[in-house]
Amino acid sequence: MKAAVLTKFGAPLTVRTVPDPVPGTGEVLVDVVAASVIPYTGEVISGERGFQLNLPITLGAGAVGRVRAVGPDSTRLKVGDWVLCDPTIRSRDDALTPDIMLQGWSARGDGGLRLQGYVGNGSFAEQLLVPTENAVPLGSFDPADAGRLAAAATVGLVPYGGLLAAELQPGETVLISGATGNFGSAGVAVALAMGAATVIAPGRDEKMLAELENRFGSRVRTVVLGGTQEMLDAAPGPIDVVLDLLPPSAGNEPVRAAAMTVRERGRVVLMGGVQDDIALPYRWLMRNSITLRGQWLHPRTANRRFIELIRSGLLDLNQFDVTEFALDDIADAVKHAATSGRFTATVIRP
């Protein structure tokens, strides 16, 4: 089969012929129909992101495709079934604190690198081998939606995991810190789909703030990124949940300012890429019974629930405009993804 392989950091991806994967017990082989190209893919290729990768490796995180073959312990998946391939792979020998890696993308620690050595190759390929639990059945599915679903899952499952961790309830007010970014803007859409009454959307990109207002109407209240009081003034009442999705370049002050908007007994979830420590007042946290937690990615059960948000119409795939590229044009796809706007996506169609 053909695959886009990263041989060394700083070198372009090379489309080459590699051995076809062979599924064993606990594995499923999928024919890739659509794989989303994350906007910062170029930074992974260059090494700028500093992701842990055993090279050479086929890049690509997640895909939509059809089952080509299943292992002997698969009891429900059948050849030809449509599936969403979740790139979040967890070791199976420690249910409490499993090692984790993102297939075709990054690893966490030595254990994640060991996982990567076994099932590390990603979705910029004609076929993808995944653990059985990572092939999420889609049921009846319109093939024309493959690209949009791949794009929506790539950017939407991250904030969805954070909002599940925050136990967001219908009718609550949520502040999405970093709302004008790729994951943050998707987070606005997901929060509304989950029933948030109001989403407070702070950001520096005034054009994108205007688009959020135009796209979602009065349930979204935007504010040019400033201090805590400016965000509080934009809210119709107490802010129940704060979800931070700020990128590494943002620094710690916007994280702290957003966190401090949450009401007494509110919840703050940190999911962004900020590298610096943040200083939150001990007495404020304690006396206001604030719940503060970090969340990396999403639980495995989130995939099915996310699909149901889409199937029910609460999260509309038509919000995403998709530009598709052939696998041989991966270099052009990476460049295109880097310049894409929010709610636009770049997809490889092997």
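The values are calculated or read from the model by the stated rules, or taken from the named source; none is laboratory data. In this text the structure is predicted, and so the values were computed from the model without any measurement. Note that we place each Cβ from the backbone using ideal geometry, even for glycine, and neighbour counts take in every protein chain shown.
Tell me yes or no: at least one residue of segment 257-266 is closer than 25 Å to residue 88 by Cα, free of Cβ contacts under 8 Å to residues at least 60 places away in the same chain and not assigned by TED's automatic domain parsing to the domain that holds residue 108. Let's see the steps before the verdict.
Going through segment 257-266, the residues closer than 25 Å to residue 88 by Cα turn out to be none.
So far as segment 257-266 goes, no, none of its residues is closer than 25 Å to residue 88 by Cα, free of Cβ contacts under 8 Å to residues at least 60 places away in the same chain and not assigned by TED's automatic domain parsing to the domain that holds residue 108.
Can you name the residue in segment 160-172 that is assigned to a helix (DSSP H, G or I) and of a type in the set (A, V, I, L, M, F, W, C) and is also surrounded by the fewest Cβ atoms within 10 Å (Cβ to Cβ) among such residues? It would help to see each step written out before you state the result.
In the first step, residues of segment 160-172 are kept if they are assigned to a helix (DSSP H, G or I); the result is 160-165.
If we keep only those that are of a type in the set (A, V, I, L, M, F, W, C) as well, we get 163-165.
Numbers: 163: 27, 164: 19, 165: 22.
Looking at residues that are assigned to a helix (DSSP H, G or I) and of a type in the set (A, V, I, L, M, F, W, C), I get 164.
Looking at (1) at pLDDT 95 or above; (2) under 19 Å from the mean Cα position of the chain (by Cα), which is the only condition residue 181 fails?
(1)
Quick check, is residue 38 touching a residue at least 40 places away in the same chain (Cβ under 8 Å), of a type in the set (A, V, I, L, M) and touching a strand residue (DSSP E or B) at 6+ places or on another chain (Cβ under 6 Å)? Walk me through how you get there before you give the answer.
Details: touching a residue at least 40 places away in the same chain (Cβ under 8 Å): yes; of a type in the set (A, V, I, L, M): yes; touching a strand residue (DSSP E or B) at 6+ places or on another chain (Cβ under 6 Å): no.
Taking the combined requirement at face value, the residue does not satisfy it.
Taking segment 217-231 on its own, how many of its residues are in contact with a helix residue (DSSP H, G or I) (Cβ under 8 Å, 6 or more places away or on another chain) and either within 24 Å of residue 190 (Cβ to Cβ) or part of a helix (DSSP H, G or I) (or both)?
As a first pass, look at segment 217-231 and keep what is in contact with a helix residue (DSSP H, G or I) (Cβ under 8 Å, 6 or more places away or on another chain): 219-228, 231.
Remaining after also requiring either within 24 Å of residue 190 (Cβ to Cβ) or part of a helix (DSSP H, G or I) (or both): 219-225, 228, 231.
So the count comes out to 9.
Would you mind finding the one in 210, 193, 179 that is touching a strand residue (DSSP E or B) at 6+ places or on another chain (Cβ under 9 Å), surrounded by fewer than 24 Cβ atoms within 10 Å (Cβ to Cβ) and more than 30 Å from residue 22 (Cα to Cα)?
On the way: 193 fails: touching a strand residue (DSSP E or B) at 6+ places or on another chain (Cβ under 9 Å); 179 fails: surrounded by fewer than 24 Cβ atoms within 10 Å (Cβ to Cβ).
Selected residue: 210, the only one of 210, 193, 179 that is touching a strand residue (DSSP E or B) at 6+ places or on another chain (Cβ under 9 Å), surrounded by fewer than 24 Cβ atoms within 10 Å (Cβ to Cβ) and more than 30 Å from residue 22 (Cα to Cα).
Going residue by residue through segment 332-340, is there one that turns out to be outside the structural domain of residue 182 (by TED's automatic domain parsing), in contact (Cβ under 8 Å) with a residue 40 or more places away in the chain and of a type in the set (Asp, Glu)? Break it down stepwise before answering.
Start the filter on segment 332-340 by keeping residues that are outside the structural domain of residue 182 (by TED's automatic domain parsing), which leaves 332-340.
Retained after the next criterion (residues that are in contact (Cβ under 8 Å) with a residue 40 or more places away in the chain): 333-338, 340.
Still in the running and of a type in the set (Asp, Glu): none.
Scanning segment 332-340, I find no residue that is outside the structural domain of residue 182 (by TED's automatic domain parsing), in contact (Cβ under 8 Å) with a residue 40 or more places away in the chain and of a type in the set (Asp, Glu), so the answer is no.
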